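K.L.:
Below: one structure in structure tokens.
The values are calculated or read from the model by the stated rules, or taken from the named source; none is laboratory data. Since the model is a prediction, treat every value here as computed from it, not as a measurement. Glycine also receives a Cβ, built like all others from the backbone with ideal geometry; neighbour counts cover every protein chain displayed. Please note that ligands, DNA and RNA were not included when accessible areas were found on the heavy atoms of the full protein model with its side chains. Shrake-Rupley method; radii C 1.70, N 1.55, O 1.52, S 1.80 Å.
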Amino acid sequence: MKICLVKTSSMGDILHSLPALTDAQQALPHLQVDWVVEENFAEIPRWHSAVRQVIPIALRRWRQSPFSAQTQNQWKQYRTLLQAERYDAVIDAQGLVKSALFATRLAQGTRHGYDRHSIREPLAAFFYDKKYAISYQQHAVERIRQLFAQSLKYSLPAHKGDYGIARHFAIKPNPTPYLLFFHGTTRQDKFLPDTQWRALAEKLTARGIHIRLPWSNPQEKQRAEMIAQNLEQVTILPKSTLSELAQHIVNAHAVVSVDTGLAHLTAALDKTNLTLYGATDPKLIGTYGKNQHYLVADSMKKIEADDILQKLTALLSLDTIQFSKIIPTNPTA
């Protein structure tokens with residue numbers, strides 16, 4: 001069976017689609033998936049063994065110069081690639097008018113999606129041949145798993161969803177255990193105050209723990225430099241691709257993150273992760289999977305370094321024996 005999946009963005013939403021692919025692959029052993037995804041996230045689908053082909057779309061870039069010759073040529077190439085196959089099913093897991101208009105309606109095959117009461121933009125359902133009522137009152141991963149099961153007519157597995165990508169990355173032995181901080185995000189109300197990141201780094205390095213800090217833009221690099229200043233055990237990573245960041249996650253002992261796409265990538269890789277929530281509710285869109293833990297407050301400003309350290313220590317002292325070497329069971333303040 002060949003299907004086309006339309007899930008173009010954002011990083012977290014794309015990652016949330018992976019467990020549905022794993023379900024479908026187990027139910028339909030010869031499944032082949034072509035995935036329409038924004039070009040910036042094209043690495044992610046390639047990590048899953050069910051994906052035959054990635055079809056990059058560049059709406060974010062094309063809309064900046066929609067009438068240029070380059071945009072017109074790239075649009076033509078995109079349409080040609082998308083329409084080269086007739087699919088057994090086209091599944092729109094995005095549920096937006098733009099995804100339906102620029103991807104789903106162009107793909108050849110029976111088009112499946114959420115009904116008008118189950119998506120944020122009800123008009124998108126107009127483009128689907130078959131529509132399904134799927135409750136909002138559950139995690140996004142489970143909604144997509146149900147959409148796939150109903151579209152492809154198999155029984156939804158009772159077990160927790162499996163992203164199916166952790167095996168893509170081999171763990172590389174590291175003589176120096178480290179924690180990874182994901183401190184960047186796109187919304188102002190999701191940021192942990194810089195002073196708390198700095199305080200947490202000071203408290204952890206005082207216990208001999210090494211920390212690695214990624215960054216993706218000048219503002220994040222500036223924050224990383226502030227956190228790392230004069231702390232020898234804190235390393236600022238070079239600017240990295242998603243695949244490189246995934247490898248850093250796999251090799252880390254644990255991750256501390258704000259609510260960001262990289263927190264969901266950590267979950268997809270089954271890595272122990274403490275995610276900080278002060279602006280969003282993790283019940284419906286929080287990190288999903290193995291070894292995922294939350295620290296929740298009314299506001300990110302109410303989360304302090306001592307709160308994170310207490311939670312982190314409790315988590316890691318219960319984890320593998322290697323953690324006991326880097327975090328004492330009862331550390332002093």
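K.L.:
Compute the angle between helix 218-228 and the longest alpha-carbon principal axis of the chain, please, reported from 0 to 90 degrees and rounded to the nearest 10.
P.N.:
30 degrees
K.L.:
On to the next question. How much length is gained on full extension from Ala69 to Glu202, taking 0.36 nm per residue of separation minus their Cα-Cα distance?
P.N.:
Gain in length upon complete extension: 42.6 nm.
K.L.:
P(r) of the chain in 10 Å steps, Cα pairs, percent per bin?
P.N.:
6, 25, 31, 23, 13, 4, 0
K.L.:
OK, next. Could you tell me how many degrees, from 0 to 90 and to the nearest 10, lie between the Cα long axis of helix 194-205 and the main elongation axis, the longest principal axis, of the Cα atoms of the chain?
P.N.:
Value to nearest ten degrees: 60.
K.L.:
Hey, any idea what % of the chain's accessible area is carbon plus sulfur with a 1.4 Å probe?
P.N.:
Roughly 50 percent of what the probe reaches on the chain is carbon or sulfur.
K.L.:
Let me ask another. Which residues does the label zone of Arg105 cover in the stretch 1-31, counting backbone N under 20 Å from a point 7 Å along Cα→Cβ?
P.N.:
Within reach of a label on Arg105, which here means backbone N under 20 Å from a point 7 Å along Cα→Cβ, the stretch 1-31 contributes 4-9.
K.L.:
Let me ask another. State to the nearest 20 debye the size of the charge dipole of the stretch 62-157 about its Cα centre, where the only charges are +1 on K and R beta carbons and -1 on D and E beta carbons.
P.N.:
In total the dipole reaches around 160 debye.
K.L.:
Of Lys190/Lys301; Lys76/Lys98; Lys7/Lys290, which ones are farther than 21 Å apart at the Cα?
P.N.:
Lys7/Lys290
K.L.:
Tell me which of Leu123, His168, Ile14 sits at the most positive position along the dipole axis of the chain, charges placed on C-beta atoms (Lys, Arg +1; Asp, Glu -1).
P.N.:
Working it through, the farthest residue towards the positive pole turns out to be Leu123.
K.L.:
Straight-line reach from Lys153: which lysines have a Cα under 19 Å away, not including same-chain ones fewer than 8 places off?
P.N.:
Here the lysines satisfying the reach criterion relative to Lys153 are Lys2, Lys130, Lys131.
K.L.:
Further question: Would you work out which of Thr280, Leu312, Ala267 lies farthest towards the positive end of the dipole of the stretch 211-317, given +1 charges on the beta-carbon of Lys and Arg and -1 on that of Asp and Glu, about the Cα centre?
P.N.:
Farthest along the dipole direction, towards plus: Ala267.
K.L.:
I would also like to ask the following. Run the dipole for the chain about the Cα centre, Lys and Arg Cβ at +1, Asp and Glu Cβ at -1, nothing else charged, and hand back the magnitude in debye, nearest 20.
P.N.:
My answer is approximately 700 debye.
K.L.:
Multiplying the sequence separation of Ser155 and Gln137 by 0.36 nm and subtracting their Cα-Cα distance, what value in nm do you get?
P.N.:
Full-extension gain reported as 4.5 nm.
K.L.:
Roughly speaking, what is the centre-to-centre gap between the stretch 146-222 and the stretch 16-69 when only Cα atoms are used, to the nearest Å?
P.N.:
Computed from Cα coordinates, the inter-centre distance equals 21 Å.
K.L.:
According to a simple spin-label model (label point 7 Å from Cα along Cα-to-Cβ), what is the distance in nm between Thr186 and Glu225?
P.N.:
Using points 7 Å along Cα→Cβ, the separation is 2.6 nm.
K.L.:
Still on this structure: Gain in length, Asn217 to Tyr294, computed as 0.36 nm per residue apart minus the alpha-carbon separation, to one decimal in nm?
P.N.:
25.1 nm
K.L.:
Express the accessible area of the chain per residue in Å², computed with a 1.4 Å probe while the remaining protein chains stay in the model.
P.N.:
47 Å²
K.L.:
How big is the antiparallel share of DSSP beta bridges in the chain, given as a percent to the nearest 5?
P.N.:
In the chain, DSSP labels about 0 percent of beta bridges as antiparallel.
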